[in-house]
Structure formats: structure tokens, C-alpha cells
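First comes the structure, then the notes that go with it.
The values are calculated or read from the model by the stated rules, or taken from the named source; none is laboratory data. Keep in mind that what you see is a predicted model, and the values were worked out from it rather than measured. When we count neighbours, we look across all protein chains shown, and the Cβ atoms used for this are built from the backbone with ideal geometry, even at glycine.
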Amino acid sequence: LFRLDATERRLWRKDELIQLKPKQFDLLFYFVANAGRVAKKSELLDAVWADTFVEETTLARNISWLRKLLGD
């Protein structure tokens, strides 16, 4: 059971605080806010890294880190 606190920018698994880097939180928040909708890579990059040029590998790496942090 996860709880996402958007105001405090924190993620909890039951009573355990999961440490997220700022961009990881932004990416997770985007996924939660857009649940049930398929997002294009360009949308994700624009939403999370709006003022920065990053390669698609940055997106893939951050998604991989989120998967590891969240587990099954």
C-alpha cells in the first residue's frame, strides 16, 4: 500500500518513507496524475524536464529506478 503526499513530496510504503530524488518524484507524480492514459516519451520529457535538454536514456533510467524502488 503506497501513499503519495504531493504537498510534502514524499512517498510512503505502509509506514516506510521511500527516498525519491526530485525528478523521480516528478515522474511518479505525473504517472499518478495521468493514470490510465498512455503517455508519449515527449510528453514525459516535457512534463518532468521542461527547461532542460535530456536524452531519452535519462527517462528510461529514471523509470528503471522507480521500478526498483517501488518493487512488485
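Values for this structure:
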item: Output for the stretch 13-61, where each listed residue is assigned to a helix (DSSP H, G or I), of a type in the set (S, T, N, Q) and either free of Cβ contacts under 8 Å to residues at least 24 places away in the same chain or touching an Asp or Glu at 6+ places or on another chain (Cβ under 6 Å) (or both); result: Ser42, Thr57, Thr58
item: Considering residues of the stretch 63-72 that are free of Cβ contacts under 8 Å to residues at least 40 places away in the same chain and assigned to a helix (DSSP H, G or I) only, the residue farthest from Leu4 (Cα to Cα); result: Ser64
item: Subset of the stretch 59-69 [surrounded by 13 or more Cβ atoms within 10 Å (Cβ to Cβ) and among the aliphatic types (A, V, I, L, M)]; result: Leu59, Ile63, Leu66, Leu69
item: Val54 being modelled with pLDDT of 95 or more and of a type in the set (A, V, I, L, M, F, W, C); result: no
item: Those residues of the stretch 14-58 which are more than 25 Å from Arg3 (Cβ to Cβ) and surrounded by 15 or more Cβ atoms within 10 Å (Cβ to Cβ), in sequence order; result: Leu45, Trp49, Thr58
